[in-house]
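Input: a single structure, listed below in structure tokens.
The values are calculated or read from the model by the stated rules, or taken from the named source; none is laboratory data. This is a predicted model, so every value here is computed, not measured. Virtual Cβ from ideal backbone geometry, glycine too; neighbours counted across all protein chains shown. For accessibility, only protein heavy atoms count, side chains too; no ligands or nucleic acids. Shrake-Rupley method; radii C 1.70, N 1.55, O 1.52, S 1.80 Å.
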Amino acid sequence: LNILYSVIKFEPDGKEFNFSDPSYDLPAFVDLFSRWSTSNQDRWSAAAKATRDHLYKSSNTKSGLFSDYNNFDGTPHGVSYNSNAEKYMYDAMRCAMNVGMDYYLFGADKKTQNAMMTRLINHFEKDGYQHARFNWDGTGGTESYTLGECGANAVGCFALMDDPANDEKVKTNLKKAWNGQLMTGQYRYYDGLVHYLAMLHLCG
């Protein structure tokens, strides 16, 4: 954790310690640390709140999307070794699952988590679930919507289930996760595992 912000750091090479990766924000896990730890409960409790706050700051106010790497204030963070670090890419798609998991397990931040997932799912609805990668603001869609996103976004829909007005959006995403065709080939492990984890959440 970053001592100043109580948010997890991203340290790919052990040299840079000044930014984060919002897909590493797992408030449900941090909340459990605060409940189960025999020491530092206050710090873990503060970290749980900070982690939830960081996810919220990381969600673009228009698209609801997250960037792969970002600053502790939620804005995208660029690096020389990853030209896509400031975009919604492979890491960022996991954020919806992190939000949904925290929502159904603890419900400690329901209002902001609902707002995040409403924006994100609306973005994919408008895109017709065609694209997988975007600029942080939702422009510039590329690549086809993936199996991993089917799963992660379906888990994110837990944050929409309290409002019957969202029933059709929720059903759409649950069907996509359930009916998703399992991947084959060299790169099946990543999207396949994200989908697998999502199905564990969705199936209880």
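Here are a few things to note about the model shown:
- For segment 28-43, putting each phi into the Karplus relation 6.51 cos²θ - 1.76 cosθ + 1.60 with θ = phi - 60° gives couplings of 5, 5, 5, 4, 5, 4, 5, 8, 9, 5, 8, 8, 6, 4, 5, 5 Hz, in residue order, rounded to whole numbers and with x for Gly and Pro.
- Computed with a 1.4 Å probe over protein heavy atoms only, the accessible surface of the chain comes to 51 Å² per residue.
- With the whole protein complex present, Lys110 retains an accessible surface near 90 Å², based on a 1.4 Å probe.
- Kirkwood Rh in Å, taken over all unlike Cα pairs in the chain: 17.0 Å
- At 1.002 mPa s and 20 °C, Stokes diffusion of segment 103-173 via Kirkwood alpha-carbon radius, µm² per second: 169 µm²/s
- Stokes-Einstein D in µm²/s, Kirkwood radius over Cα pairs - segment 143-198 at 20 °C with 1.002 mPa s viscosity: 185 µm²/s
- Every Cα-Cα pair in segment 43-122 was counted, and those over 19 Å apart are 35% of them.
- Projected label distance in nm at Ser83 and Lys110, using a 7 Å step from Cα toward the beta-carbon: 4.6 nm
- Within the listed set Trp136, Trp178, Trp36, the residue fluctuating most in the Gaussian network model of the chain (springs between alpha-carbon atoms under 10 angstrom) is Trp36.
- Efficiency of FRET from Cβ geometry, Lys9 and Leu200, R₀ 22 Å, rounded to 0.05: 0.20
- Tyr103 accessible area, assembled protein chains, probe 1.4 Å, Å²: 20 Å²
- Based on C-alpha pairs under 8 angstrom that are at least 6 apart in sequence, segment 1-142 has a relative contact order of 23 percent.
- Using the Cβ-Cβ distance between Thr75 and Leu32 with R0 = 30 Å, the FRET efficiency computed as 1/(1 + (r/R0)^6) comes to roughly 0.55.
- Taking every DSSP helix (H) stretch of at least 4 residues in the chain, weighting each as -39,500 (n - 2.57) and dividing the sum by the residue count yields a mean residue ellipticity at 222 nm of -15000 deg cm²/dmol.
- When the solvent-accessible area of the chain is split by element, carbon and sulfur atoms take up 53 percent of it, the probe being 1.4 Å.
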